[in-house]
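Q: Pasting a structure below so you can have a look.
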Amino acid sequence: MRATRLAAVAAGTLLLAPACGSSGPGSVADRKSLVIGVKADQPGLGRRGPDGVYTGFDVDVAVYVAGRLGVPRSRLRFRTTNSSVREAALAAGDVDLIFATYSITARRKKAVTFAGPYYVAHQDTLVRPGAAIRDVRDLKGKRICEVTGSNSWRRVVEEREIAATPVTAPTYGACMDDLAAGRLDAVSTDDLILAGFAAGRGGKIINAPFTDEKYGVGLRKGDLEGCEAVNRALTRMYQDGTAGRLLDKWFGDSGLKLTTSVPQFEGCT
Ligand code: GLU
């Protein structure tokens, strides 16, 4: 009896022990340094340059949010986190926060706590110039890109039940290579991603958006304190004009209609 009670007290102490280190358990709200998961080959969002420096809208939003959490740029480390590894990277503590065109979905909410969204993108489709694809329904019988771990192909094949042929690729940069090489007929994904590629590599965005992609900040499942702190930072980012400035900086020339009011938050769960 006595031993049981002691064990219970010991267990309670462990649960209450403050976290140290940058990727142990504990809230991201209390860190001195942070590891941030971003994309590496999505221009305008998350791209790693030849010098190893990451740039893009997601990177700038991450720097702003981390700053509001009390962690300066000099104490941030960025880590390439492709679509296929996002949930596992958070669960393993390889990254503390993810800013990587990461749509909040019911399926992912089971494994991840999401702050935000910090932006709502819309899925659209990029084709080679002259292609006769004008709407998502025209993807029937066409080869589309399936980035492993990404949700975009599901939006077409599962949600819309359009009988396209998904062809797997590791990243959206690889999809663009496959489209250029004729191994694909279309790349259907978030308009921000497509706009970033189209600016440098050409291709035609058909301008037939058909979803809301709520870009969330991924946190380890259960870090509600961190999630609330990130939401406060995101609210501030819109109120102080930073969101509008960053959207204009990265996508001002894209022709996309950019929304500069704070999105409706999902709530931290
Ligand atoms: N936003 C979509 C998703 O989270 C597509 C982009 C991506 O995979 O990063 O699945």
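The values are calculated or read from the model by the stated rules, or taken from the named source; none is laboratory data. Just so it is clear, the structure is predicted and the values come from calculations on it, not from any experiment. Because the Cβ atoms are built from the backbone with ideal geometry, glycine has one as well, and the counts that use them run over all protein chains shown. All accessible areas refer to the heavy atoms of the entire protein, side chains included, with ligands and DNA or RNA removed. Shrake-Rupley method; radii C 1.70, N 1.55, O 1.52, S 1.80 Å.
Q: Can you give me the Cα centroid spacing of the range 230-254 and the range 32-110 in angstrom?
A: With the range 230-254 and the range 32-110 each reduced to a Cα centre, they are spaced 16 Å.
Q: Rounded to two decimal places and with Rh computed the Kirkwood way over Cα pairs, what is Rg over Rh for the chain?
A: 1.03
Q: How large is the accessible surface of ARG160 in square angstrom, using a 1.4 angstrom probe and rounding to the nearest 10?
A: Looks like 120 Å² after rounding.
Q: Run the dipole for the chain about the Cα centre, Lys and Arg Cβ at +1, Asp and Glu Cβ at -1, nothing else charged, and hand back the magnitude in debye, nearest 20.
A: Computed charge dipole of the chain: roughly 540 debye.
Q: As an exercise, use a Förster radius of 41 Å and the Cβ-Cβ distance of SER33 and GLU161 to find the FRET efficiency, rounded to the nearest 0.05.
A: Given R0 = 41 Å and the Cβ-Cβ separation, E is 0.35.
Q: Taking only DSSP H segments of four or more residues, each worth -39500 (n - 2.57), what value at 222 nm results for the chain once the sum is divided by all its residues, to the nearest 500 deg cm²/dmol?
A: The per-residue figure over the chain is -9500 deg cm²/dmol.
Q: Could you look at the chain and say what percent of its accessible area is carbon and sulfur, using a 1.4 Å probe and all protein chains?
A: With neighbouring chains kept in place, the figure for the chain is 51 percent.
Q: Can you compute the modelled spin-label distance between THR235 and ALA208, with each label point 7 Å from Cα toward Cβ, in nm?
A: Going by the 7 Å Cα→Cβ label model, 4.1 nm.
Q: Counting Lys and Arg as +1 and Asp and Glu as -1, each charge on the Cβ, what is the dipole of the range 128-223 about the Cα centre in debye, to the nearest 20?
A: 160 debye
Q: Got the relative contact order for the chain handy, in percent, Cα pairs under 8 Å and 6 or more residues apart?
A: The value is 25 percent.
Q: Just to be sure I understand the curve: with the Debye formula and one point per C-alpha of the range 108-187, what is log10 I(q)/I(0) at q = 0.15, 0.25 Å⁻¹?
A: Taken in order of the listed q values, log10 I(q)/I(0) reads -0.57, -1.24.
Q: Amide H neighbours of SER188 under 5 Å, at least 5 residues apart or on other chains, H built in the peptide plane: list them.
A: For SER188, whose amide H was placed from the backbone, the distant partners under 5 Å are LEU126, CYS145.
Q: Can you give the accessible area per residue of the range 49-135, in Å², using a 1.4 Å probe?
A: The answer is 39 Å² per residue.
Q: In the chain, what percentage of the DSSP-assigned beta bridges are antiparallel, given to the nearest 5?
A: 60 percent
Q: Okay, next question. Considering the zone a paramagnetic label at ALA88 would reach in this model (a point 7 Å from Cα along the Cα-to-Cβ line), which residues of the range 164-198 have amide N under 15 Å from it?
A: Under cut-off, by backbone N: 170-171.
Q: Continuing with this model, one more query. Towards the positive end of the charge dipole of the chain, with charges on Cβ (+1 Lys, Arg; -1 Asp, Glu), say which of VAL28, VAL53, ALA164 has the farthest Cα.
A: My answer, from the dipole projection, is VAL28.
Q: Also: Cut-off 10 angstrom, C-alpha nodes, Gaussian network model of the chain. Which of GLY67, GLY44, GLY182 fluctuates the most?
A: GLY182
Q: Hey, another quick one. Calculate one ³J(HN,Hα) per residue across the range 128-139 by plugging θ = phi - 60° into the Karplus curve 6.51 cos²θ - 1.76 cosθ + 1.60, and present them in order as whole Hz with x for glycine and proline.
A: With the stated coefficients, the range 128-139 comes to 6, x, x, 5, 8, 10, 10, 8, 4, 5, 6, 7 Hz.
Q: Shifting gears a bit: Of LYS140/LYS249; LYS204/LYS249; LYS142/LYS214; LYS140/LYS214; LYS142/LYS257; LYS140/LYS221, which pairs sit farther than 31 Å apart, going by alpha carbon to alpha carbon?
A: Distance filter (> 31 Å) returns LYS140/LYS249; LYS140/LYS221.
Q: If I model a spin label as a point 7 Å beyond the Cα along the Cα-Cβ vector, how far apart are those points for ALA106 and ARG137 in nm?
A: Taking the two extended label points, one gets 2.5 nm.
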